[in-house]
1. Among the candidates Ile142, Ile147, which residue alone is in a loop (DSSP other than H, G, I, E, B) and either surrounded by fewer than 16 Cβ atoms within 10 Å (Cβ to Cβ) or at negative phi (or both)?
2. (1) surrounded by 19 or more Cβ atoms within 10 Å (Cβ to Cβ); (2) assigned to a loop (DSSP other than H, G, I, E, B): which one isn't true of Glu938, the others all being true?
3. Across segment 999-1013, what is the number of residues that are surrounded by 15 or more Cβ atoms within 10 Å (Cβ to Cβ), part of a loop (DSSP other than H, G, I, E, B) and out of contact with any helix residue (DSSP H, G or I) (no Cβ under 9 Å at 6 or more places or on another chain)?
4. Which of the residues spanning segment 878-914 are of a type in the set (Gly, Ala, Ser), closer than 30 Å to Thr840 by Cβ and in a loop (DSSP other than H, G, I, E, B)?
5. Can you work out which of the residues in segment 887-935 that are modelled with pLDDT under 90, under 26 Å from Ile1210 (Cβ atoms) and surrounded by fewer than 16 Cβ atoms within 10 Å (Cβ to Cβ) is farthest from the chain's Cα centre (by Cα)?
6. Looking at Ala339, Ala361, can you tell me which residue is closer than 30 Å to Gln433 by Cα and either in the same structural domain as Asn275 (by TED's automatic domain parsing) or more than 23 Å from the chain's Cα centre (by Cα) (or both)?
7. In contact (Cβ under 8 Å) with a residue 40 or more places away in the chain and surrounded by fewer than 21 Cβ atoms within 10 Å (Cβ to Cβ): which single residue out of Gly405, Gly373, Gly395 fits that description?
8. Taking helices (runs of 4 or more DSSP H) that fall entirely within segment 1067-1183, which contain at least 1 residues that are among the hydrophobic types (A, V, I, L, M, F, W, C) and touching a His at 6+ places or on another chain (Cβ under 9 Å)?
Amino acid sequence: MRKTIQKGLSFLLITVLLFSAGLNIGVQPVHAIPPGPGVTTNPTTEITETTVKLYGTVTNATYQTGNPGFFYWTHIDGVTEHPLNATGIAAQYVYPNFSTVLSTLQPNTQYDYQACVSMGAVLACGNIGSFTTLPGQVIQHIIDLTIPDQINVPNLTDKADLVLPATMEVTFDDNTKGNFPVEWDLSNYDQGGSNGWTFKESGGYRIIEGTLTLPSDGSVEYAPNTYLTPRVTIFVDYPNLTSIPAVQTITAPLGTSLAEVLGLLPNELTMTFSNGQEASPPVTWDEGTPTFTGEAGTYTFIGTPGCFQQDFARKTTDDFSTMGGGGDCGYYNPNALTAQVKVKISAYAWQLVGPAGFTAAAHGLSFAYDATGTPFVAFADGNNGDRLSVMKFDGTSWVYAGSPGLSDHPVATASMAFHSDEDGALYIAYTEQDSNNIVVSTLDGKGWKNLNPTQAAVTASGTLSLGFAYGVPIVAFPDAAQAGSASVIRYTNGVWEYAGIAGFSGGAVQSITLSESYNSLYTVSYIQAGELNTAYLTYPDQWVIQTQSGTAIELLSQVTDHNRQAYVAYQDFTGVQVKAIDSYEGWNSYGLGGISESPVQLLALTFDGNNVPYIAFTDTTNAGKVTVKKLKDNTWQKVGAAAFTAGSASELKIQVINSVPHVAIVDNAQNGKLTVLNFRSFDPVSVQTANATNITTTSAAVGGTALGTVTVRGIEYGTQADLSGETFRLEASAEGSEPFTVSLTGLQPGTTYYVRAYAVTPVGIVYGDLMHFTTSVVVIPDVVVTNPPTPAKTVKVIVTNTSNGGTANTPVTQLIGSTLTTVGKLYTTSGIAINVGEITIKPDGSFLLPNVPAGTYTLALNVIAPNGERLAGQLATLTVDASGNATISAELIDPYGIITDSVTGKPVDGVNVTLHWSDTVLNRSKGRTPDQLIVLPELPDFAPNKNHDPQTSTDGGRFGWMVYPEGDYYILGEKAGYVAFDSRKDTATAQFGTDSYIREGNIHVGQTIVEYNFKITPAGEYKAYMKGYPDGSFQPKKGVTRAEIAAILSRTMTTSQKVAGNTTFKDISSGYWAAADIKNAAQQGWLQGTGNHLFQPEQEVTRAEMAQLLFNVYAWTPSSNSATVQTFSDVQGHWAQAAITAAVSQELFTGYTDGTFHPNQPISRAETVTLINKLLKRPTAADQAVVWSDVPTSYWAYGDIMAASVNRVIK
């Protein structure tokens, strides 16, 4: 029978448990019944240092159902029964044997043990046995580690090159020492250091931890409750500062304080270090050398590099002197390198950014700049039918940002802003004139793209304001749907929604402005019933409105400074106020009064990068010209001169870009075009007057040099030694720093003239030294005349009529009136006047020859009008032979001009033309009123207009005037359906005779009449039919594809009845960008497929294919003039020969100089637009501003490319 003691509830088990608990209860053993041994204690097995297995046997069946176990105790000599303090333990029992395992014994110790069995109250035990545990292993306990010394390595040391201790010393609990191998964990050595560098590049301290390798037999352990980790500190040396970049010279105006100069210096510089990396520690600047006083001059400031903006530890105290900026800086500066910048204090003035009036007439101005400091203007563009355009200044000129005329309709007002969270993306909100709808667009790499419709509109003449808050565009406006009350919409997840309630102002508003502010989502200011109101949006979408009661607000400008504090500038009955908006306390006055002494008309506020406010305004005192002030020392001080613009402004914006204030205006001095100016330094101007040269009796060449910032150069002259009397001024046409020369004409012989060079600078006129010269005196050389004719003979005039290539005895005035008398003044061929009196030429051509030697002379002819006034004529040649016979050779006096259509080239009758005095020094010196119509003497025989001003072109576009000599003129021409013509915009240059010319829009008549022909351009709206590429290029030399040609034809050609034919092609999907255009072109028969139901849209079109295409479109008949084409060696027998012949006869194509046509050569985009423009009779657009980066104004097809790729309205 097998039975295992499991519960041990017997007395024995109780005893065992009690002994196991270490309790001595004094239980005495009871002898077994019946007498005699009933249990045997057997030998042990499996003795270790701490364990043993005990055995026993029940030898009396009486105890078969008893509960066996053991007592054990540390050996005691002479004991025959187990002691009371013996430990009892139950056993596993399989009758008759039982056993158990003792553990947690002490090594090398003798123990006694006794097997027993309990049954009821009877405990029977066997004999006492004994055993000794094996000697135990000695375990050493680590209580401390000896940390190695810090390991110093050079900068840029790789992990693989580190030499770390292979073993580490330990201390045991018995104070003995030992060494064990250590494995180091270098994973954090590769982790990043400071400044974006790796740790080995940045240097510094790093603790490396490791793991000790202890004996595998367990003889060494860490002492309990000790937390020891092997570690070593590695110091990677900091890098050395190796170079500091040069800092560009900084300019500042006179009156700048030291604090303001230090504010202009960089706070940090990107420097180079010995680790090959760059970083930007801060820089502390001194007070300049020489010590800064604010006076004009150049000051050198020294900057000491400081510590990186983080904590570093030094290697040792000895290194303190080598640390950049002192202290724990994370780098060394062993060569004590410093930064250096020169600050130039000089005269500043408001100067043009690009030309004045760089746009057409404009309105709805918005002005902003991007993160690089590039200024942008947005405006309703008169060159594009008042559609919206945006231009930017590229450093040299204003160019369009994206396509001009980007809106679908004319615009009324615009507001532009850059998104700081989208790589500086440009956004613009504008209102359409016809509907007052609000549209918001953004400029990306592919051009302008409209955001989803706003579904909002402003009131008539309402403005709007665009901004950003929490990364989304927001627009404030007087809401037409809310009877003009203020609303704000925001663009969230592609949908426009109201911010808060619509129409939150509860009444119509004006001059609304919006900006993000630090203490609310955004702040809106507006005028309502003559009072200033500010509303701010709080969470969750609640508008809180504050009213500045009692103010009669006329103007309003709101802006947020760089701390996102909102400010407003406005004019009330007390003057101009600037206040900070506090959403809790209302308005706080900012600065003092004194902004303007008279009511202002326009007002604009902004802040610079140091949060200094600038305010721009126009006032009645200065005739609407612009003044700018800034707050300095709690006083509003002028920035440059007051009223610095050339004329008044009708719109005004201000920005401070990279510490430089800029203003953008709608410039009334430029007829409502845009002008941008900024306040910048100009170089001192040095002017020198050169000696006069080429002095004759009536002319001289004078000039000089003007170095520095100069806008105009020229010469002043007169006959008074101090130029106190009548003084004349001539501008030089040359630009730059090179010497300039002007020609003085109409001078008096033998007269002393005083002359000086001058230069117009941004702050006034600078003069050179006063010089003088004397014109020549006419000296008639003594001549020996053999039998001189006495009296002089009467001779005939020979008139050269260049129209028929010969000469004829014809009155020189035949074209203007054959009965008119002419008079002439005689000159040598070198231009020296001969003092022999005037020669009168009668209507029959005869004249009385004065007594002059034989030779050739120049005769300046004037026409005498019926009222006795002199009119300009021609230069003639007088030839006197040895016998005294003389002839005068002169061209017919022909003042006619021809007006032609710029597109068709045909003459245009019915043009109303007028002649006016130009605004020049010459005309003013003669008392002529600029722009006035000129009253000319009537010439009855001068058909068809008899010299009247104004007159109308007729008889093949003819017009003409006989005008006064020594005058400057301009011509205007108007006719319905054509763009008004103004000769002042003509860039042509021409010379007539020796003293008359057309130059820079001025028609100057000396003694010789000027032939003036001009073209007028048909008015109309011309939409672009060719587009550029997303990178801003046009790629004029690139070929044009079949798809592009289909699109061009669909955009420009009138469709007729659709013809049958295949219009479905396997390679044109419904989603292809030109699918509709290709289908239309195929239906019209303009283009066909290439076979096998393919169109091949990306295949480039050849010259022959283009000729055939045009042949199809225009249904030309084959040209009978095949002789021209037969000269092309590569056209004979070509499949497109008939089309090429027709296209050449239409003068659309020409061949090459080698006698070929190159029919299979791809036609370029530039050639394509030139052809299309000719066919469409579309005027070229050479006057358009540059749009495409690879098409400068000098490009041969510039005008045609602009005409094809830019929307414009000519009116």
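The values are calculated or read from the model by the stated rules, or taken from the named source; none is laboratory data. Here the structure is a predicted model, which means the values were calculated and not measured. Here Cβ is always computed from backbone atoms with ideal geometry, including for glycine, and neighbour counts include all displayed protein chains.
1. Numbers: Ile142 fails: in a loop (DSSP other than H, G, I, E, B).
None of the others qualify; the one that does is Ile147.
2. Status for Glu938: all satisfied but (1).
3. Summing the residues that are surrounded by 15 or more Cβ atoms within 10 Å (Cβ to Cβ), part of a loop (DSSP other than H, G, I, E, B) and out of contact with any helix residue (DSSP H, G or I) (no Cβ under 9 Å at 6 or more places or on another chain) in segment 999-1013 gives 5.
4. Matches in segment 878-914: Ala882, Ser883, Gly884.
5. Selected residue: Lys906.
6. Numbers: Ala339 fails: closer than 30 Å to Gln433 by Cα.
The unique qualifying residue is Ala361.
7. Of Gly405, Gly373, Gly395, the one residue that is in contact (Cβ under 8 Å) with a residue 40 or more places away in the chain and surrounded by fewer than 21 Cβ atoms within 10 Å (Cβ to Cβ) is Gly373.
8. 1103-1114, 1137-1145
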